[in-house]
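Here's the structure, in structure tokens; my notes come after.
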Amino acid sequence: MRKILLVICLFASQSILAQYEIKGVKIPSEINTNEVNLALKGAGVRTFLWMNMYVGGIYLEESQKITQQLIEKDEDMALRLQIMSSLVSNKRIIESLEEGFAKGAENGLESLQSRIDQLVGFFDEEIKPGDSIELIYKKSSQSFTYVYNNGKLLGKIEGFDFKKALFGIWISDDPADEKMKQQLLSGI
């Protein structure tokens, strides 16, 4: 009986500790949202000039597939950003988010502005290499995107339209970084 229990514990710990490595940065192979486990489906690196800024991972329900139309789906999903460079500060994150929304949400920017301001307000603490930011969208009768920094909930923002604009910064037809988008959508 003890041997069976030991084997079960070993398998369970392996799935908990399972990680994916890209450019020397390890990101978890799944994110647990307390309601559903989201599996890592794609990963990429955001670069600026020749420097690696952060590693991003896109997480979906196990049965979901990565497609170009992913952003249009009202399904649970997450994006994790693992900061690599000291050049990525909270000020730079805010600037990048604002630029990304302006670029990708041209037609609906006014209807999103108060929620963009809410998101920007979450990033008042210093961000440094090794930090992780998780954007987790949960669909329900009242859908929200939850924002975490190093596992600490910073807040939540309502709306499927907001999710599309936010995730669109990375995976829309006009993303902030086309190379990273291709990496994220090509799967792992």
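Coordinate-derived values only; no laboratory data. Since the model is a prediction, treat every value here as computed from it, not as a measurement. Ideal geometry is used to build each Cβ from the backbone, glycine not excepted, and the neighbour counts take in all protein chains shown.
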**Study point:** Full-extension gain in nm, D173 to Q118, via 0.36 nm per residue minus C-alpha separation
**Key:** 17.3 nm
Study note, to complete from the structure: Taking the reciprocal of mean 1/r across every pair of different Cα atoms in the chain, the Kirkwood radius in Å is 17.1 Å
**Study point:** Segment L87-V36, extension gain: residue separation times 0.36 nm, minus the distance between their alpha carbons
**Key:** 15.0 nm
Revision key, fill the gap. Going through K41/K152; K23/K156; K26/K163 one by one, the pairs whose alpha carbons sit over 28 Å apart turn out to be K23/K156
Point to revise | Ranked list, fewest to most other Cβ atoms within 10 Å of each Cβ, for S89, S63 | key: S63, S89
Check your understanding: Among the aspartates and glutamates, which fall within straight-line cross-link reach of K91, defined as a Cα-Cα distance under 16 Å, with same-chain neighbours fewer than 8 residues apart omitted?
Key -> E99, D117, D124, E125, E126, D131
Review point. What order do you get for V36, V120 when you list them from fewest to most C-beta neighbours inside 10 Å?
Key: V36, V120
Practice item. Calculate I(q)/I(0) for the range 87-165 by the Debye formula, one identical point scatterer on each C-alpha and no solvent, and give its log10 at q = 0.20, 0.21, 0.22, 0.25 Å⁻¹ to two decimals. Key: -0.92, -1.00, -1.09, -1.31
